[in-house]
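Values quoted throughout were computed directly from the atomic coordinates according to the rules given, and no laboratory measurement underlies them. The shown structure was predicted, so the numbers you read here are calculated from the model rather than taken from an experiment. FYI the Cβ positions are ideal-geometry reconstructions off the backbone, even for glycines, and counts take in every protein chain you see.
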Amino acid sequence: MKAVRFDTYGDIDVLKVVEVDPPVAGPGHVVVRMKAAGINPGEASIRKGLLAERWPTTFPSGEGSDLAGVVDEVGEGVTVFAAGNEVLGWIDERASQAELIEVEAAKLVHRPGGVSWEAAGSLFVAGATAYAAVRAVALQPGETVVVSGAAGAVGSVAGQIARIKGARVVGIAGGAEKCRWIVDELGFDVAIDYKGEDVRRALREHAPEGVDVYFDNVGGEILDAVLTRLARGARIVICGAVSQYNATGPVRGPSNYLALLVYRASMTGMVVFDYAARFGEATAALAGWLGEGRLISREHIVEGGVSAFPDALLKLFSGENMGKLVLSLGVE
């Protein structure tokens with residue numbers, strides 16, 4: 001079968017599609033026949049080249065991708081899954097984007113009924129990240145929430161959850177099409193096009209009383225802009241920093257960080273795997289909102305199976321995708 005792996009040549013890491021032997025389920029593990037694999041900015045391919053060197057304890061090797069698939073083989077000691085069960089989970093990136101993978105049973109949940117394979121991938125790691133981030137800030141009805149990367153997998157869900165919780169939601173996205181989508185379809189109150197607008201000026205207009213909660217998915221200049229518009233007691237959650245992942249120089253930190261002092265605000269990092277015990281809760285809540293029509297899931301599907309993974313990964317950084325980027329494995 002085919003799989004993607006890294007080969008290292010000197011200081012350069014190269015993605016290759018290779019032929020590997022099918023896995024066998026060990027104790028406490030199952031083998032999953034993958035239907036779809038989510039592709040995330042925090043993939044270990046990015047961490048390996050940038051984040052793992054700078055924050056090795058924050059981004060441990062191996063927690064890279066999310067999956068949707070069918071249990072093919074069950075190892076000794078596994079009682080919660082049987083062959084044929086449909087599952088969602090996350091996987092060691094060294095095994096990711098393969099047709100069959102061995103996964104710890106503890107990293108899986110049953111796929112909610114009535115949720116498509118593509119939407120299931122969207123709901124799991126990205127959706128769970130958004131769900132955990134909203135819980136982490138104790139969001140209150142009527143607060144002004146700003147979400148960057150608002151047309152991406154995490155941002156689009158985080159903004160919708162904030163709206164469901166009664167917040168006023170301002171999304172920051174790149175381009176008129178994405179801005180229309182998050183307002184017209186997802187129900188954001190306002191969209192700011194960072195490619196065509198002055199973000200600081202737009203925030204003064206759309207958050208005149210200040211930003212109560214900021215979900216940051218991009219870092220860089222936009223994080224600095226939001227720091228100038230905080231409300232007293234604001235909470236900032238750092239979910240990601242996609243603008244910095246491919247930086248060849250030092251990561252740009254927030255030059256306006258003293259706003260945290262002035263506005264008695266807080267900033268915290270959030271890694272979704274710290275909330276693994278609540279993945280089942282998150283998936284059930286998200287699936288419920290999806291079924292009720294209160295949450296919209298959108299996926300950018302890339303066909304072509306494992307061989308298409310390297311090209312699909314690059315779409316994260318070209319801004320091509322809206323919603324969750326999903327690689328269809330084409331496995332029946």
So, relative contact order of the stretch 138-272 in percent, Cα under 8 Å, 6 or more apart, is 21
In this structure, the FRET efficiency calculated for residue 261 and residue 80 from their beta-carbon separation, with R0 = 45 Å, to the nearest 0.05, is 0.40
Simple spin-label estimate for residue 251/residue 140, 7 Å along Cα→Cβ, in nm, reads 3.1
Note to self: C-alpha centroids of the stretch 124-145 and the stretch 256-272 sit apart, in Å, by 16
Per DSSP, the loop-located trypsin sites (Lys or Arg not before Pro) within the stretch 280-332 having at most 14 other beta carbons within 10 Å are 294
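State the percent of C-alpha pairs, over all pairs in the stretch 138-272, separated by a distance greater than 26 angstrom.
So the pairs more than 26 Å apart make up 13 percent of the total in the stretch 138-272.
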Once the mean of 1/r over all distinct C-alpha pairs in the stretch 234-332 is inverted, the Kirkwood radius in Å reads 17.3
Reduced to Cα centres, the span from the stretch 220-244 to the stretch 170-187 in Å works out to 19
Taking a crude spin-label model, label points 7 Å out from Cα along the C-beta direction, the residue 228 to residue 18 distance in nm is 4.9
Given a Förster distance of 25 Å, the FRET efficiency implied by the Cβ-Cβ spacing of residue 294 and residue 1, rounded to the nearest 0.05, works out to 0.05
Note: residue 184 to residue 110 extended length (0.36 nm per residue) minus current alpha-carbon separation gives 23.4 nm
Diffing the stretch 215-229: the Karplus 3J(HN,Hα) column from phi (6.51, -1.76, 1.60, θ = phi - 60°), in whole Hz with x for Gly and Pro, holds 9, 9, 10, 10, x, x, 4, 5, 4, 4, 5, 5, 4, 7, 10
Taking 213-223, 145-155, 159-169, 107-117 and ranking on average Cβ neighbours within 10 Å, highest first, one gets 145-155, 213-223, 159-169, 107-117
